[in-house]
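> Got a structure for you, questions after.
Only the coordinates and a few stated rules stand behind these numbers; no lab work does. The structure presented is a predicted model; accordingly, all values stated were derived computationally and were not measured. Because the Cβ atoms are built from the backbone with ideal geometry, glycine has one as well, and the counts that use them run over all protein chains shown.
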């Protein structure tokens, strides 16, 4: 059984997965994760008839996202992983959005855009989004719409809360899929596949994913 959590936004999202069956809970925290996350995690387990002893691995939404939320998630995950001697599965937040979009619209190729600041967004191109684990093409980067003007986007669908910055280019794509944030179901389904493939890290290696500012030049066509 895998315990997963997402603190990249204003809400705390918790879930369990065992043999493909997902149980989840959302707590509206308004970014008060640091005071409430452990009590709510234990409450969630009790209500589901489980305990920390039932857990075989830990998964978390790795970012990008709220800086404070990500640091809290890593702290909790590291503490539990050390204390329970469990492996950790960091799942990139944009991969979760990509899979959700791919599953909803039954499309393979998704450009995930997450608003960063002003006219910039974090962007990542994913293929295989209609399968178990989306495959990142290249790397996640910081973009402006102008940086993608010369890209061939005809085979890509858009998802994420940064799509409003892509209005000028969206007619050149397959369209917008209404998925704006990660959900714990897709987090856990990706995590289960990654655990089966041995794609885990230790408590010490668990860390947020920060997207660096680089100039995107290579076409993803």
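> May I have the extent of the alpha carbons of the range 93-176 along their three principal axes, as whole Å values ordered from largest to smallest?
33, 23, 20
> Let me ask something else. Taking springs between alpha-carbon atoms closer than 10 angstrom, which of 61, 202, 24 fluctuates most in the Gaussian network model of the chain?
Highest fluctuation among the options: 202.
> Now for a separate question. Report, for the range 93-176, the % of DSSP beta bridges that are antiparallel, rounded to 5. Could you put the intermediate results ahead of the total?
Numbers: 13 of 18 bridges.
About 70 percent, rounded to the nearest 5.
> Most fluctuating residue of 95, 191, 108 in a GNM of the chain with Cα springs under 10 Å: which is it?
Result: 108 has the largest fluctuation of those listed.
> Let me ask something additional. Would you kindly compute the Cα radius of gyration of the range 114-221 and its largest Cα-Cα separation (Dmax), both in Å?
15.0, 44
> Which whole-number percent gives the relative contact order of the chain, counting Cα pairs below 8 Å spaced six or more residues apart?
Values: 488 pairs, mean separation 51.7, N = 221.
In percent, rounded to a whole number, it is 23.
> Taking Rh as the Kirkwood radius, which is the inverse of the mean 1/r over Cα pairs, what is the Rg/Rh value for the chain?
On the way: Rg = 17.2 Å, Rh = 17.6 Å.
Reported Rg/Rh, Kirkwood definition of Rh: 0.98.
> Taking 35 Å as R0, compute the FRET efficiency from the Cβ-Cβ separation of residue 168 and residue 82 and round it to 0.05. Before the final figure, lay out the partial values.
Details: r = 48 Å, r/R0 = 1.37.
Approximately 0.15, to the nearest 0.05.
> Helix 184-196 against the longest principal axis of the chain: what's the angle in degrees, Cα atoms only, rounded to the nearest 10?
Tilt of helix 184-196: around 80 degrees.
> Here's a follow-up. Rounding to the nearest 10 and keeping the result within 0 to 90°, find how far the Cα-based axis of helix 33-47 lies from the longest principal axis of the chain.
The two axes meet at around 60 degrees.
> Please report how far the C-alpha centroid of the range 131-197 lies from that of the range 47-78, rounded to the nearest whole angstrom.
So the separation of the two Cα centres works out to 23 Å.
> Going by C-beta contacts inside 10 Å, put 192, 118, 50 in order with the fewest on the left.
Values: 192 23, 118 8, 50 16.
Fewest to most other Cβ atoms nearby, the residues stand as 118, 50, 192.
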